[in-house]
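The values are calculated or read from the model by the stated rules, or taken from the named source; none is laboratory data. These figures come from a predicted structure and were not determined experimentally. Glycine gets a Cβ as well: all are built from the backbone with ideal geometry, and neighbour counts include every protein chain shown. Ligands, DNA and RNA are excluded from the accessible area calculation, which covers all protein heavy atoms including side chains. Shrake-Rupley method; radii C 1.70, N 1.55, O 1.52, S 1.80 Å.
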Amino acid sequence: MIGLTDIEKRFGDNVVLKGVSVAIAEGSVTALVGPSGGGKSTLLRCINLLEIPTSGTLRIGEETLAFKPGEKVASKDIQRLRRQTGMVFQNFQLFPHRTAIENVMEGLTTVLKWPVERARERALALLDKVGMAHKVDAWPATLSGGQQQRVAIARALAPSPKVLLCDEPTSALDPELAQEVVDVLGQLASEGTTMVMATHDLRLASKIANEVVFLEAGVVVESGQATSLFANPQRERTRRFIATLRHEQEGG
Amino acid sequence: MPHWLQLMLESLGPLLWAALVFTTPLTLLSFTFGLIVGLVVALIRLFGPRPLVAVVRFYVWIFRGTPLLVQLFLIFYGLPSVGILLDAFPAALIGFTLNIGAYSSEIIRAVIGSVPKGQWEAAYSIGMTWRQAMRRTILPQAGRVAVPPLSNTFISLVKDTSLAAAITVPEMFQAAQRIVAVTYEPLILYVEAALLYLAMSSVLSALQARLETRLNRYGGFLEARA
């Protein structure tokens, strides 16, 4: 349902993604793993066009957009693809001047021009789904990190995106709070939400991902089904990386 | 009743009338227009095309770098030489607006820049356009940070309107000067004028405090960005 074809991303002379192609099936959960600076975050941000690929093709559902070096992309086209996506950030990035429910309603009322009452109804249902129904009118500053991230998940889901993009959704949280977020994302996965996540969190990746893409230095080193890739990586590089993650998680 | 008190009470009427009819409208109008100019200039400096950026930088350089009194004299007494004749009040209004525009543009530019990039991205990620992100997400947060420095500008402006007396605007300070001219009591009248300016500034400081409390109701937003 999502196709990234031959995506290249340059920042000046620095080539961050070198012809990456990934296909993501509807209802699947894909984890992008790999060392820092390997390009997983950039790849994720190329899906909702917070970064514009230098070249390549992006397809989300029915919408397709091709990129060519030096060619400016119309903001109308960016909007068209971006509206198929929702994003969860490492640092939550809730709007601090809006309450939990206002954060969730914002995309519905401002972007989709829903009437307030209908938006409120949907926002309430989503906050309930992420276990935040008791904090509907709370300011973000009064919520724990895990609670903020759950509100952020509800906000991202509000406009019914085709895919939920998660950029290190648990990295800013201590293990206990991370677990709340893992649980919510796991529940969404089991309901068939299509997700792509960049993550260091092996617990997150192994619990909910069914596909894994291992990225290093801007290329896909290995990809495949999560269970087989984690249990039996084909490439030596992947094997070493997964061993390091395991070691960190057990040690820390 | 002592003489000084009687004189103050007798002149209170004309002074307050001048404050109501000239000082207050001059302050409110030039601050409002000045903020609009400042916002436009700030947006051009942050997001505008390069030639336009050069133009607005030149404007800020001129209006911050020359005395306000000289600017008012140039507009009111200087421009007629090139065929532009303005009444005193509009001349003062233009002068103060451009001056406030230059100073406030720097404040607005700084506070817009102080909103983290992640807030733009969050706004974009739920589908907002640049304008929606600016209006709904960035400006409200920037506005909160801007209240103390813009209040400074506003309070300075209230007092600076007394300079308009020099280009014949019959505002409060000029009203005091006129009474001095017939009573020969400069100390009493100028103390009275000073007290009235102080009262106006105090009201504004109190309003600033109330506004800050209101805007702070959502708590420390630094923590919210963890």
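General observations
- Calculated P(r) tail over 16 Å for region A:1-59, as whole % of Cα pairs: 39
- The length gained by stretching the chain between B:L207 and B:L16 to full extension, at 0.36 nm per residue less their Cα-Cα distance, is 66.7 nm.
- Cα shape, the protein assembly as shown, gyration tensor, a/c 1.5 rule: prolate
- Estimated inter-spin distance, A:E71 and B:T183, nm [label 7 Å along Cα→Cβ]: 7.9
- Ranked order, A:K40, A:K135, A:K76 - accessible area, probe 1.4 Å, largest first: A:K76, A:K135, A:K40
- Amide H contacts for A:R10 (H built 1.01 Å from N in the peptide plane; partners 5 or more residues away or on another chain; cut-off under 5 Å): A:V16, A:T54.
- Cα gyration tensor category, rounded, prolate or oblate, for region A:138-185 with a/c compared to 1.5: oblate
- Cα gyration tensor shape of region B:1-159, rounded if a/c is under 1.5, else prolate or oblate by comparing a/b with b/c: oblate
- Fraction of accessible area attributable to carbon and sulfur, region A:78-181 (%, probe 1.4 Å): 48
- Ranked order, A:T64, A:T42 - accessible area, probe 1.4 Å, largest first: A:T64, A:T42
- When you restrict to C-alpha pairs under 8 Å that are six or more residues apart and normalise by the size of region A:136-252, the relative contact order lands at 19 percent.
- Heavy-atom accessible surface of region B:47-139: percent carbon and sulfur, 1.4 Å: 69
- Against the empirical 2.2 N^0.38 Å (N residues), region B:1-90 has a Cα radius of gyration ratio of 1.60.
- For the set B:W4, B:W61, B:W120, solvent exposure ranked by accessible area (probe 1.4 Å, protein chains only) runs largest to smallest as B:W61, B:W4, B:W120.
- Net charge dipole size for the protein assembly as shown [Lys, Arg +1 and Asp, Glu -1 on Cβ; Debye, nearest 20]: 780
- Rounded to the nearest 10 Å², the accessible area of A:R59 at probe 1.4 Å: 100
- Along each principal axis, Cα extent of chain A, largest first, Å: 52, 48, 31
- Long-range amide H partners of A:A217 with built H, under 5 Å: A:G38
- Normalised by the number of residues in chain B, the mean separation of alpha-carbon contacts (under 8 Å, six or more apart) gives a relative contact order of 28 percent.
- When nucleic acids and ligands are ignored and a 1.4 Å probe is applied, B:H3 ends up with an accessible area of around 110 Å².
- Distant alpha-carbon pairs in region A:103-252 (separation over 18 angstrom), percent: 62
- With every protein chain in place, region A:194-250: carbon and sulfur % of accessible area (1.4 Å): 48
- Helical segments meeting 20 Å axial Cα length and Kyte-Doolittle 0.0 threshold in chain A (DSSP H): A:175-190
- Solvent-accessible area per residue in chain A equals 42 Å², computed with a 1.4 angstrom probe and all protein chains kept.
- Heavy-atom accessible area, 1.4 Å probe, ligands and nucleic acids excluded: residues of region A:77-114 down by at least 30 Å² from chain alone: A:Q79, A:R82, A:F89, A:N91, A:Q93, A:F95, A:P96, A:H97, A:R98, A:E106, A:T110, A:V111
- Probe 1.4 Å - accessible area at B:L198, Å² to nearest ten: 110
- Region B:1-52 - accessible surface per residue (Å², probe 1.4 Å): 60
- DSSP H segments from chain B that extend 27 Å or more along their own axis, Cα-based, with Kyte-Doolittle mean of 0.5 or above: B:24-47, B:88-114, B:186-215
- Summed buried accessible area for B+A [probe radius 1.4 Å, Å², rounded to 100]: 2400
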